[in-house]
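For reference, the structure discussed in these notes is given below.
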Amino acid sequence: MNSVQQDYFRDVVSDSVIGLFEDYGASCVPARSAPGTGDVDAEIGTIVGFHGGGIRGGLAFTAPADLIAATLPVPRRTEAGERQLRDWTVEVLNQLLGRFKNRLAASLDFAVGSIVCFRGSNIRLAFVPGKGGVALAFRVGGSSVEVYLDCEVVTDAGWEREHSVGIVPEGDVVIF
């Protein structure tokens, strides 16, 4: 990914993350510290690969479990707490990836793999040096959220998003 593409994807991912959390009523702002250098409190994460239509790569998301639990759209069930939390974390990344894909839909279409959820203590993700990925950190309330996009545009023609394409806004329901 060249520097112009990297800047473009950084903006697309940042707008997608901020919009997603704001739609759930949580204030989300870019963090002052770089990803992986601030207070690391991530305990749960997800990752998904995608490919096709001139692009391939992966998107990962890490956050504290309490933050994910706070965004649950239904009450947390104690008997299925861990499974419910993992399922919701996968759905958060699914919605984030949907926002990312919507913004690229005019020129880059891609298929999405299965989303994988993982748990741990102080999760940190890292890139292969020199590959030009996008790593972003955000503050959502008092919590740290990190998002990583590692992708390659495999065609140089027409990768920028055309804003005239009619895309269903995030949060709208389409019945077909």
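Before we move on, is residue 121 part of a loop (DSSP other than H, G, I, E, B), at pLDDT 85 or above and either touching a helix residue (DSSP H, G or I) at 6+ places or on another chain (Cβ under 8 Å) or of a type in the set (Ser, Thr, Tyr) (or both)?
Numbers: part of a loop (DSSP other than H, G, I, E, B): yes; at pLDDT 85 or above: no; either touching a helix residue (DSSP H, G or I) at 6+ places or on another chain (Cβ under 8 Å) or of a type in the set (Ser, Thr, Tyr) (or both): yes.
So residue 121 fails the test.
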List pairs: first residue in the stretch 44-68 and at negative phi, second residue among the polar types (S, T, N, Q) and not in a strand (DSSP E or B) anywhere in the structure, Cβ distance under 6 angstrom, at least six positions apart or on different chains. 44/89; 46/89; 68/89
Go through the stretch 34-58 and report how many residues are surrounded by 16 or more Cβ atoms within 10 Å (Cβ to Cβ), of a type in the set (D, E, K, R) and at pLDDT below 80. 1
Quick test for you: out of 101, 131, pick the one residue that is modelled with pLDDT of 85 or more, under 28 Å from residue 1 (Cβ atoms) and among the basic types (Lys, Arg). 101
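Assess whether residue 76 counts as being among the basic types (Lys, Arg), modelled with pLDDT of 85 or more and farther than 14 Å from residue 119 by Cβ.
no
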Find all pairs meeting these conditions: Cβ atoms under 9 angstrom apart; at least six residues apart or on different chains; first residue within the stretch 106-123 and within 27 Å of residue 66 (Cα to Cα); second residue part of a loop (DSSP other than H, G, I, E, B) and at pLDDT 80 or above. 119/43; 120/43; 121/43; 122/43; 123/43
So is residue 26 within 21 Å of residue 121 (Cα to Cα) and not β-branched (Val, Ile, Thr) or not? no
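Yes/no per residue for (1) surrounded by fewer than 19 Cβ atoms within 10 Å (Cβ to Cβ); (2) over 18 Å from residue 16 (Cα atoms):
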| position | (1), (2) |
| --- | --- |
| 80 | yes, yes |
| 97 | no, no |
| 105 | yes, no |
| 111 | yes, yes |
| 114 | yes, yes |
| 124 | yes, yes |
| 149 | no, no |
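The values are calculated or read from the model by the stated rules, or taken from the named source; none is laboratory data. None of these values were measured; they are calculated from a predicted model. Every residue, glycine among them, receives a Cβ derived from its backbone with ideal geometry; neighbour counts consider all protein chains shown.
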